[in-house]
Amino acid sequence: MTIDLGPGFKMALWLLGLFTCGVGALALWLTARSWPRTMDDDGITLRSGKRVLWRDCTRVVQVTAMGDGTRISGRAELEFGKVKVPLVPQSVLQGQAMLDFASRRVGTLVQSG
């Protein structure tokens, strides 16, 4: 499964780049390098090119960002030892399919916080 960045994320890159002379866009792009580019039966290839294997997944965490008692956003985070792979479904085109695939591979429900 190939995971494509969503239009909202791409728009955020452009706007941050415009209003921060590129610094914000660079920071956002560097953050996204830890996100999955592809998922297959053996593991995940990150946007940075690093590869992690499903069998090495040690923990699944739901992360919720709150502001003034209101949920702002959320993600799931897969831990492979010291490597953390954020799954941010609202920022990719295949968000729910990505979570469903990860759930099947790790054997537990993976959902956004």
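Here, each number is a calculation from the coordinates, and none is a lab measurement. All values reported here derive from a predicted model rather than from experimental measurement. Cβ: placed from backbone, ideal geometry, glycine included. Neighbour counts: every protein chain shown.
Annotation: lysines with alpha-carbon distance below 19 angstrom to Lys50 (same-chain offsets under eight excluded): Lys82, Lys84.
Mind giving me the FRET efficiency for Val106 and Lys50? R0 is 22 Å, r the Cβ-Cβ distance, nearest 0.05 is fine. Intermediate results must be reported in sequence, preceding the final value.
On the way: r = 18 Å, r/R0 = 0.82.
Efficiency, rounded to the nearest 0.05: 0.75.
Per-residue ellipticity at 222 nm computed for the chain from its helices equals -9500 deg cm²/dmol, with DSSP H segments shorter than 4 residues left out and the rest contributing -39,500 (n - 2.57).
The calculated FRET efficiency for Ile72 paired with Cys21, based on their beta-carbon distance and R0 = 35 Å, is about 0.85.
Rounded to the nearest 10 degrees, what's the angle between the helix 23-32 long axis and the longest principal axis of the chain, both from Cα atoms, 0 to 90? It works out to around 10 degrees.
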